[in-house]
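Please treat every number below as a calculation from the coordinates, not as lab data. Please read all numbers here as calculations on a predicted model, not as lab measurements. Note that we place each Cβ from the backbone using ideal geometry, even for glycine, and neighbour counts take in every protein chain shown.
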Amino acid sequence: MAEQTISYEDFLESTAFSDGIKVLTANRKDPFCKVELNVPYAIKDNSVLHLQIIKQPIRADDKKFPLIMFVQGSGWRTQNLSENLVHLLEFAKRGYVIAIVEYRPSSTAIFPAQIKDTKTAIRFMIKKAKEYQIDTDKIIVWGDSSGGHTALMTGLTMDQSDFDDEWQKENFSIKAIVDYYGPTDIIRMNEEPSAVDHLSKYSREGLLIGSKNVLESAELLKTASPLMYIKKQKEIPPIIIFHGNKDRKVPFHQSVLLYDCLKENNKEVECYQLKYADHSGPAFWTSEVLDIVGRFIRKYIYIQLNK
C-alpha cells in the first residue's frame, strides 16, 4: 500500500477489539516535551559548540514561548550538559523553550569566553525563533555554579562590547536572571570555609584567568566578578538567587554579597537560602523551588513587557 497523507481528524478509529481489553481515553492536552541533542550553534577555537534544546512539540497556532538559556556549571571546565537535563525538561512543561549552553572550557579559552559564548548562543536561538516558536521579547538566563556566574555576567554586561563576539547594540535584552549558587566576587571566595582550593593558579578560579594565582590577580578578577557591574544608575534585569548554607564549593557568603549589593543599588532581587543544602543536588529541583522560580519569571517578563 502506498504511503498516504491523512489528517488525524480524517483518520478512522480502529474497529478491532476483544473482550477483556481495557479502554482509556487519550489525554492529548497534557504538555510533553522533546529534546534535540547536540545542536551546533558556533565554531570557536576550532571547536564546535552545542546546545541541548528542550521544547514542546511545534504547534499549528501562532503561540510563542519564553526562552530560557541555561548555563550548566562545571567550575568553568568541560561541562556535563546532561546533568540537569531531566529537571529542566520538567520545567519546560510549564511553557518554556530551554537551551542548555555549552561554553568553551577554561583549558581552551579563558575568561570572558564563557560569557561571549552564551551571548552567541542566545543570538543563534533568536535566529531560530520561528522554528522553535520563541518569543524573543522574553529571554531569561539561568545557571548553576560557574553557570550561575556566567548567567549573571551575561545579564550584567549587555552594555560591554568586550564581553561580546558579535557586538551589536540593542540586539536583544535579558528579562530576568536565575542564579543558582554562582560565584559573585571571586577574590573573596576564600573568606568563608570551603572544601576546595580557590587561590592557587591550579584552582578553578586560577585556571579561569589563565593559570594565575588569585591573590596576585586582584585587578583582573574584578573584571570577572558580577558585583563590579552593579551600579545604581544602570538598568539590570531582576535577579533571583538560590544557595545552600552548607555549600562546600561556593560559600553561601557569595550570594549574600550579591544580594546586599543589589539591594544597596535599588535593584529587584529575591534570595533564598536552602537550609542544609550542599553545592547542587536535588534540593534545588523540588516542586517548591521550581514554583518559586516560575512565579518570579512570570512576574518580571510580563511586568517589563507591559511598561
Does any residue of the stretch 231-245 turn out to be assigned to a loop (DSSP other than H, G, I, E, B), crowded, with 17+ Cβ neighbours inside 10 Å and hydrophobic (A, V, I, L, M, F, W, C)?
-> yes
Just to be sure, is E219 of a type outside the set (S, T, Y) and over 24 Å from P112 (Cβ atoms)?
-> no
Given (1) of a type in the set (S, T, Y); (2) in contact (Cβ under 8 Å) with a residue 60 or more places away in the chain; (3) assigned to a helix (DSSP H, G or I), index of the condition S280 fails = (3)
Selection over the stretch 169-207 where residues are of a type in the set (G, A, S) and either more than 20 Å from G143 (Cα to Cα) or without any contact (Cβ under 8 Å) to a residue 24 or more places away in the chain (or both) yields a count of 5
Kindly list, by first and then second residue, each pair from a residue in the stretch 85-100 that is closer than 12 Å to Q72 by Cα to a residue that is β-branched (V, I, T) and in a helix (DSSP H, G or I), limited to pairs with Cβ atoms under 9 Å and residues at least 6 apart or on different chains.
-> A99/I122
Here is a list of conditions, (1) surrounded by fewer than 19 Cβ atoms within 10 Å (Cβ to Cβ); (2) in a strand (DSSP E or B), and W142 meets all of them except one; can you say which number that is?
-> (1)
Could you list all residues from the stretch 184-208 that are in contact with a Ser or Thr (Cβ under 6 Å, 6 or more places away or on another chain) and either among the basic types (K, R) or in a loop (DSSP other than H, G, I, E, B) (or both)?
-> D185, D197, K201
Exclusive hit being within 16 Å of the chain's Cα centre (by Cα), surrounded by 15 or more Cβ atoms within 10 Å (Cβ to Cβ) and under 15 Å from C33 (Cβ atoms), set I68, I122, I115 = I68
Single condition S211 does not satisfy, out of (1) within 28 Å of A121 (Cα to Cα); (2) in a loop (DSSP other than H, G, I, E, B); (3) within 24 Å of the chain's Cα centre (by Cα); (4) not acidic (D, E) = (3)
Looking at G20, G75, which is the one that is in contact with a helix residue (DSSP H, G or I) (Cβ under 7 Å, 6 or more places away or on another chain), in a loop (DSSP other than H, G, I, E, B) and not basic (K, R)?
-> G75
